[in-house]
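Participant: Below is the structure I would like to discuss, written out as structure tokens.
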Amino acid sequence: MKVNNEMIETPKGNEYSHCMSTLTKADFLSLSVPERIILVEDIWDSVSEVPDAVILTEEQKTELDRRLDAYHKNPGEGSPWSDVRARIRSRVCLAS
């Protein structure tokens, strides 16, 4: 995949890495929507492994604090990430 005109290696062992070692925009656009979602999830997981590398603005920090406060006030109101992801995947699979 190209980031700032630089080719980035894809992680090994993922569904999309069996056919390519690097991705171009054309490569990832040729993937199905479910495959692109898996790619994005894998990228996000790699980013979340280094949280100190993610720099947040004051507005983002304020929003995160607001959401955390809302969760603490009513922890049963939201949905677990696993449920949200399953709903999204079922909608994407039905649409494709």
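No lab work stands behind these numbers, since they all come straight from the coordinates. All values reported here derive from a predicted model rather than from experimental measurement. Cβ coordinates were reconstructed from backbone atoms using ideal geometry, including for glycine residues, and neighbour counts include every protein chain displayed.
Participant: Classify the range 27-90 as rounded, prolate or oblate, taking a ≥ b ≥ c as the square roots of the eigenvalues of its Cα gyration tensor: rounded when a/c is under 1.5, otherwise prolate if a/b is larger than b/c and oblate if not.
Facilitator: Numbers: a/c = 2.91, a/b = 1.42, b/c = 2.05.
Judged from the Cα gyration tensor, the range 27-90 comes out oblate (a/c at least 1.5, b/c at or above a/b).
Participant: Moving to a separate point now. Just to check I understand the Karplus step: with θ = phi - 60° and J = 6.51 cos²θ - 1.76 cosθ + 1.60, what whole-Hz values come out for the range 72-80, glycine and proline as x?
Facilitator: Result, rounded to whole Hz: 5, 6, 8, x, x, 6, x, 10, x.
Participant: With θ taken as phi - 60° and the coefficients 6.51, -1.76 and 1.60, list the Karplus ³J(HN,Hα) couplings across the range 81-93 in order, rounded to whole Hz; mark glycine and proline as x.
Facilitator: 4, 4, 5, 4, 4, 4, 5, 5, 4, 5, 5, 5, 5
Participant: How far, in nm, would the chain grow between Ile43 and Arg67 when pulled straight, counting 0.36 nm per residue and subtracting the alpha carbon separation?
Facilitator: Stretched out fully, the Ile43 to Arg67 stretch lengthens by 6.3 nm.
Participant: To the nearest 0.05, how large is the calculated FRET efficiency for Arg87 and Thr22 if R₀ is 41 Å and r is the Cβ-Cβ distance? Could you put the intermediate results ahead of the total?
Facilitator: Working: r = 32 Å, r/R0 = 0.79.
For Arg87 and Thr22, the calculated efficiency is 0.80.
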